[in-house]
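Working notes for the structure below.
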Amino acid sequence: MSYKEKGYITPEELEKLGLLPPRERLEKGPVVIAECPEEIPCNICVHVCPFKAIKMDKIYEIPRIDWNKCIGCGVCVPQCPGQALFVVDLSKPGQALITLPYEFLPRPEKGMRVKLLNRQGKPVGEGVIVKAWQHDRTWAVTVSVPKDKWLEVRAIWIPEK
Amino acid sequence: MPDYRIYEHPILDFRRGRRVRFYYRDKVIEAYEGESILAALYAVGYRVFNRSPKLGLPRGAYCMIGKCSSCLSIVDGVPNTRICIEPVREGIHVEPQEGLADIRRARKQEVVETVKVETDLLVVGGGPAGLKAALVAAEHGADVVLVNDHFVLGGQLVKQTHKFFGSRDYFGGTRGFRIAEILSKKVKEYSNVHVYTNGFAYGYFKGGVVGVAVHGEHPLNLLVKAKTIIAAPGAAEKGLDFEGNYLPGVMGAGGAQTLMNQYGVRPGDKAVVIGSGNVGLIIAYQLLQAGVKVEALAEILPRIGGWFVHAAKIRRLGVKILTRHSIVRAIGSDRVEKAVLQAYDERFRPIPGTEKEFDVDLVLISIGLQPDTKFFAQAGAVMKWVPEAGGLVPIRTWGQETSVENLFVAGDASGIEEATTAFIEGEIAALSALLKLGLGGKEVEERRGKLIDFLWNEYRMAPVVRRAREGKLKVTVSEEEMEKIRMGEFP
């Protein structure tokens, strides 16, 4: 079953499509992963990247990221209409940092403990928000997660107080 | 009284207008200026707005945009009023209509004033295609009349809370409701654009005259003699045949979207969504944002219909997507209390023993849209049935002109696509109209050529929209071919 039947993509499928950065690059510092495997007519990321690190010749091509130009700033994360961009940083020991889009209540705040969800919405542990900022009401939330979960966690859920 | 109004939302701020009181049956209803009558009633718990004429079955809200006739009511003595697109006003008396209205009991109709106007361009429909068309024509100095059946401009943009895909030149990255605000504001800045909201284009007459019934406080029979007409009346949500499909709570997914995102009224507590096109996927996500639980999203085909990124957004929040599933039954007395979904085999036959019951109060149908082409049919435009376009659509030239000379089509009425193509088609139609009016020179012709090239040879070449492109190719012809069609030759 492909992502088009399941509604979520697997690491194997991402790897096959060439969408995962090399391990060495991930360990150097933050870098963006585009989980955008389908050719859809959209090129917003290309325009918003301050480092011109995303390439697309025709408007419907899959975004290709130059992992040497990308510094993982996350500017693209809350601007992607498909919410398909995630910044991963494996440079710190013990923990991985993931920056992901979030459009729900309650509002995320630094220091909050949150539920970590995988691509199927299953809880896979707890994380802590280390940074949160907004672009046009979409949050870019950076959470620290157990290091072995960097390829699993793709959403957070903040329990109501 | 229950209160379904949303006060806190992650994306929207509901800045409600002045308090308004009106009467429903014998009760006083508190509402806010800017709400439709239906939204105000829904907000305080009403779910049944009419009864079927023969069996007296309850009729609830379905489309919320004036297309489905499910909410016909009597407003200040006027029967057959679509209360979903009728704004609340202080002191009005609203009565439910039990089946067909009795015309003898209708308020004695005053003589409605008839006003005749002449214009270069009449635009019917103030959604993305119509607004863009009106703006492009106005920029080039054309006199424009814009009529819109809803009391708010923007068409379905007003309820789109997601950031738009596509090209930055056509608002990619901007939320739909913001685009509606930007375009409506711009249109009002042009003194050569005359806007009539709450105005329904009821007929096309000889000599390019269009009759428009303007409803509301100051009703008007507007007769517009237009040199050119761009009609962009949009589309309506399709219904689905299953047991109990009449029950209030079975609603077009777009109808629920109107309630929660335009009016800030929560459509229910728990939902199942039927159909996995972009509309179903996007609305499932927006239901979660409005605090509605989504128990499941069913798709009868083996694959998800809409774009993967939309599916991924709800999947990672735990929403189940059941492929090869659909609804077989909605259960409830006067409203939905349960929904039964069932698995289907590859020949679309239900598999016995696979029923799953869900305790929900909403069954949202998103199995596709059908173009609203009544206006073109009545005007005598040659039409063709194209499944990829959503049904019957007018044949048109590359410049969007139908077989009725000087009548252009744009947006979903020309075949179902999405807002970006609606903007582009509206712009192409406006540029074509300008050329006909003699208001555009070489620059307009070049701009139109480039746009047609981008639309057909780049944008619509994306694999996910190529089916729509193929559908539209079947009804798009050259000027020469159109001349033959006008002479009675069918392609």
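The values are calculated or read from the model by the stated rules, or taken from the named source; none is laboratory data. Given the structure is predicted, the values throughout are model-derived calculations rather than measurements. Neighbour counts are summed over all protein chains in view; Cβ atoms, including those assigned to glycine, are modelled from backbone coordinates with ideal geometry.
List of remarks:
- Qualifying residue in the range B:134-148 (condition: closer than 30 Å to A:TYR60 by Cα, surrounded by 17 or more Cβ atoms within 10 Å (Cβ to Cβ) and in contact with a Phe, Trp or Tyr (Cβ under 6 Å, 6 or more places away or on another chain)): no
- Filter result for B:LYS320 (within 14 Å of chain A (Cβ to nearest Cβ) and surrounded by fewer than 19 Cβ atoms within 10 Å (Cβ to Cβ)): yes
- Members of the range B:453-462 found to be over 25 Å from the mean Cα position of the chain (by Cα) and in a helix (DSSP H, G or I), listed by number: B:ASP453, B:PHE454, B:ASN457, B:MET461
- Residue check for B:ALA137: modelled with pLDDT of 95 or more, of a type in the set (A, V, I, L, M) and not in a loop (DSSP other than H, G, I, E, B): yes
- Within the option set B:GLY34, B:GLY17, B:GLY56, being away from chain A (no Cβ under 14 Å), touching a residue at least 12 places away in the same chain (Cβ under 8 Å) and more than 17 Å from B:TYR263 (Cα to Cα) holds for one residue only, B:GLY56.
- From B:GLY199, B:GLY211, residue being surrounded by 22 or more Cβ atoms within 10 Å (Cβ to Cβ), free of Cβ contacts under 8 Å to residues at least 60 places away in the same chain, under 30 Å from B:LYS116 (Cα atoms) and of a type outside the set (A, V, I, L, M, F, W, C): B:GLY199
- Test: residue in the range B:80-94 that is in contact (Cβ under 8 Å) with a residue 40 or more places away in the chain and out of contact with any strand residue (DSSP E or B) (no Cβ under 9 Å at 6 or more places or on another chain): no
- Residues that are over 20 Å from B:ALA213 (Cα atoms), within 14 Å of chain A (Cβ to nearest Cβ) and of a type outside the set (Asp, Glu) occur at least once in the range B:146-161.
- The range B:168-196, residues that are in a helix (DSSP H, G or I), of a type in the set (Val, Ile, Thr) and buried (at least 21 other Cβ atoms within 10 Å of the Cβ): B:ILE179, B:VAL187
- Of residues in the range B:274-289 being crowded, with 24+ Cβ neighbours inside 10 Å and not in a helix (DSSP H, G or I), the one nearest to the other protein chains (Cβ to nearest Cβ): B:SER276
- Exactly one residue out of B:TYR246, B:TYR170 is more than 14 Å from chain A (Cβ to nearest Cβ) and of a type in the set (Ser, Thr, Tyr), and it is B:TYR246.
- Looking only at the range B:418-452, residues that are within 20 Å of B:PHE164 (Cβ to Cβ) and not in a helix (DSSP H, G or I) come to 1 in all.
- Subset of the range A:1-60 (residues that are more than 18 Å from the chain's Cα centre (by Cα) and buried (at least 20 other Cβ atoms within 10 Å of the Cβ)): A:LYS6, A:ILE40, A:PRO41, A:ILE59, A:TYR60
- Of the strands (runs of 3 or more DSSP E) lying entirely inside the range A:56-161, those containing at least 1 residues that are without any contact (Cβ under 8 Å) to a residue 40 or more places away in the chain, away from chain B (no Cβ under 13 Å) and farther than 24 Å from B:VAL464 by Cβ are A:113-117, A:123-135.
- Check on B:ALA296, surrounded by fewer than 24 Cβ atoms within 10 Å (Cβ to Cβ), of a type outside the set (Ser, Thr, Tyr) and in contact with a Cys (Cβ under 7 Å, 6 or more places away or on another chain): no
- Subset of the range A:17-47 [closer than 24 Å to B:MET461 by Cβ and more than 13 Å from chain B (Cβ to nearest Cβ)]: A:GLY18
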